[in-house]
Amino acid sequence: MLAAVSLFVGVADVSAAVVSISRIPRTAALILAGVGMSVSGVIMQQMTQNKFVSPTTAGTLEAAKMGLLIFLIFTPTAGVSLKMLSAFLFTFLASMIFLAIVRKIKHRNIIFVPLVGLMFGGIVGSISTFFAVQLNIVQDTNAWMMGDFSGILQGRYELIYLTLPAIIITYLYANKFTVIGMGEEFSRNLGLNYNYIMNIGLFCVSLTVSSVVITAGAIPFLGLIVPNVVSLLFGDNLKKTLPIVALSGAIFLLICDIIGRVVIYPYEVPIGVTVSIFGSIIFLFLMLWKRL
């Protein structure tokens with residue numbers, strides 16, 4: 001229903017050309033981004049054994065920004081595929097560093113770990129901003145990171161389909177991600193190759209986040225709140241709840257996008273703003289709920 005509504009909400013009159021060139025690509029990108037970012041949040045929470053870790057609270061989005069910055073500095077005229085590769089490599093590397101930091105933490109308090117991730121992301125983001133200011137490309141990097149689906153058109157969004165293999169791999173490895181969520185020693189005792197499964201998870205997260213950032217920019221909180229709400233309602237059996245997480249992420253993103261398109265019609269609020277507003281409220285509620 002929401003996908004159908006999305007096809008008919010907008011300033012331009014509905015026509016076959018508008019629907020095929022703009023509305024269908026935008027709706028497809030919204031669904032894939034919602035599914036991909038939500039599933040990425042589940043993977044990161046299992047790998048870190050912490051419900052408040054996600055691309056938003058682990059420096060992953062800031063790492064993708066740094067990858068785009070490096071691309072803009074050294075190969076500004078290259079194609080989108082190279083942007084994707086650069087963002088992927090930096091996202092993968094930053095995720096590895098964050099996990100290494102988490103392993104060094106002796107007392108993994110449910111609030112402390114994401115705070116460390118936020119500080120790590122702040123450091124990565126400040127480095128990117130420093131070089132962007134020095135090279136006078138702040139507007140370019142900020143434009144890339146602003147979550148916005150208004151520019152999605154046929155021929156300019158197809159990279160987001162790279163989230164599909166990551167989602168499929170996650171589903172196939174769902175039981176193993178559940179096991180590693182119980183700890184390294186427990187996983188090894190059951191005969192799992194812990195490092196291999198962790199690398200699979202990092203690959204899926206990095207591929208998803210980089211493709212979404214390249215296509216539509218940063219979408220905060222989605223990978224944080226959707227898995228937590230689903231976990232509260234349906235439990236932690238990843239094989240069972242993963243489809244629900246994926247569907248819920250798509251629904252939440254479609255709702256935020258539709259609200260952003262009608263709240264100041266005929267203008268549009270970027271989806272990064274609407275997701276941040278609703279996501280931060282839900283995040284605060286979840287933090288208070290966990291502490292109670």
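The values are calculated or read from the model by the stated rules, or taken from the named source; none is laboratory data. Being a predicted model, the structure only gives us computed values, none of them experimental. Positions of Cβ are backbone-derived with ideal geometry, glycine not excepted, and every protein chain shown enters the neighbour counts.
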Filtered residues of the range 180-210 (kept if among the hydrophobic types (A, V, I, L, M, F, W, C) and modelled with pLDDT of 85 or more)
I197, M198, I200, L202, F203, C204, V205, L207, V209
Matching residues, the range 47-73, being more than 20 Å from G34 (Cα to Cα) and among the aromatic types (F, W, Y):
F71
Looking at S95, S22 in this structure, which one is at pLDDT 85 or above, more than 20 Å from T274 (Cα to Cα) and surrounded by fewer than 24 Cβ atoms within 10 Å (Cβ to Cβ)?
S22
Hey, does the range 53-65 have a residue that's in contact with a Phe, Trp or Tyr (Cβ under 6 Å, 6 or more places away or on another chain), assigned to a helix (DSSP H, G or I), of a type outside the set (S, T, N, Q) and assigned by TED's automatic domain parsing to the domain that holds Y194?
yes
Filter result for F130 (touching a residue at least 60 places away in the same chain (Cβ under 8 Å), within 22 Å of L93 (Cβ to Cβ) and part of a helix (DSSP H, G or I)):
no
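Yes or no, residue by residue, for (1) of a type outside the set (K, R); (2) closer than 24 Å to T274 by Cα; (3) free of Cβ contacts under 8 Å to residues at least 24 places away in the same chain:
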position	(1), (2), (3)
N142	yes, yes, yes
M146	yes, yes, no
Y161	yes, yes, no
A166	yes, no, no
L202	yes, no, no
Failed condition for G36, given (1) out of contact with any strand residue (DSSP E or B) (no Cβ under 9 Å at 6 or more places or on another chain); (2) farther than 19 Å from L247 by Cα, with all others met?
(2)
Return a yes/no flag: does the range 174-184 have any residue that is closer than 12 Å to M44 by Cα and either without any contact (Cβ under 8 Å) to a residue 40 or more places away in the chain or in contact with a Cys (Cβ under 7 Å, 6 or more places away or on another chain) (or both).
no
Run I123 past the list (1) loosely packed, with under 14 Cβ neighbours inside 10 Å; (2) β-branched (V, I, T); (3) not in a helix (DSSP H, G or I) and report the number of the one that doesn't hold.
(3)
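Scan the range 256-269 and give yes if some residue there is within 20 Å of P55 (Cβ to Cβ), out of contact with any helix residue (DSSP H, G or I) (no Cβ under 6 Å at 6 or more places or on another chain) and either part of a helix (DSSP H, G or I) or among the hydroxyl-bearing types (S, T, Y) (or both), otherwise no.
The answer is no, given that none of the residues of the range 256-269 is within 20 Å of P55 (Cβ to Cβ), out of contact with any helix residue (DSSP H, G or I) (no Cβ under 6 Å at 6 or more places or on another chain) and either part of a helix (DSSP H, G or I) or among the hydroxyl-bearing types (S, T, Y) (or both).
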From the list P76, P25, which one is out of contact with any helix residue (DSSP H, G or I) (no Cβ under 7 Å at 6 or more places or on another chain) and part of a loop (DSSP other than H, G, I, E, B)?
P76
Answer with yes or no whether A246 is buried (at least 16 other Cβ atoms within 10 Å of the Cβ), touching a helix residue (DSSP H, G or I) at 6+ places or on another chain (Cβ under 8 Å) and closer than 30 Å to S20 by Cα.
yes
If I filter the range 219-240 down to residues being modelled with pLDDT of 85 or more, under 20 Å from the mean Cα position of the chain (by Cα) and among the aliphatic types (A, V, I, L, M), which single residue comes out as farthest from T57 (Cα to Cα)?
V230
Could you please give the count of residues in the range 16-56 that are of a type in the set (K, R) and free of Cβ contacts under 8 Å to residues at least 24 places away in the same chain?
1
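Yes or no, residue by residue, for (1) part of a helix (DSSP H, G or I); (2) under 30 Å from G155 (Cα atoms); (3) touching a Leu at 6+ places or on another chain (Cβ under 7 Å); (4) not assigned by TED's automatic domain parsing to the domain that holds M287:
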| site | (1), (2), (3), (4) |
| --- | --- |
| S210 | yes, yes, no, yes |
| V226 | yes, yes, no, no |
| K239 | yes, no, no, no |
| I244 | yes, yes, no, no |
| I251 | yes, yes, yes, no |
Would you point out which residue out of G155, G191 is loosely packed, with under 13 Cβ neighbours inside 10 Å, outside the structural domain of G79 (by TED's automatic domain parsing) and at positive phi?
G155
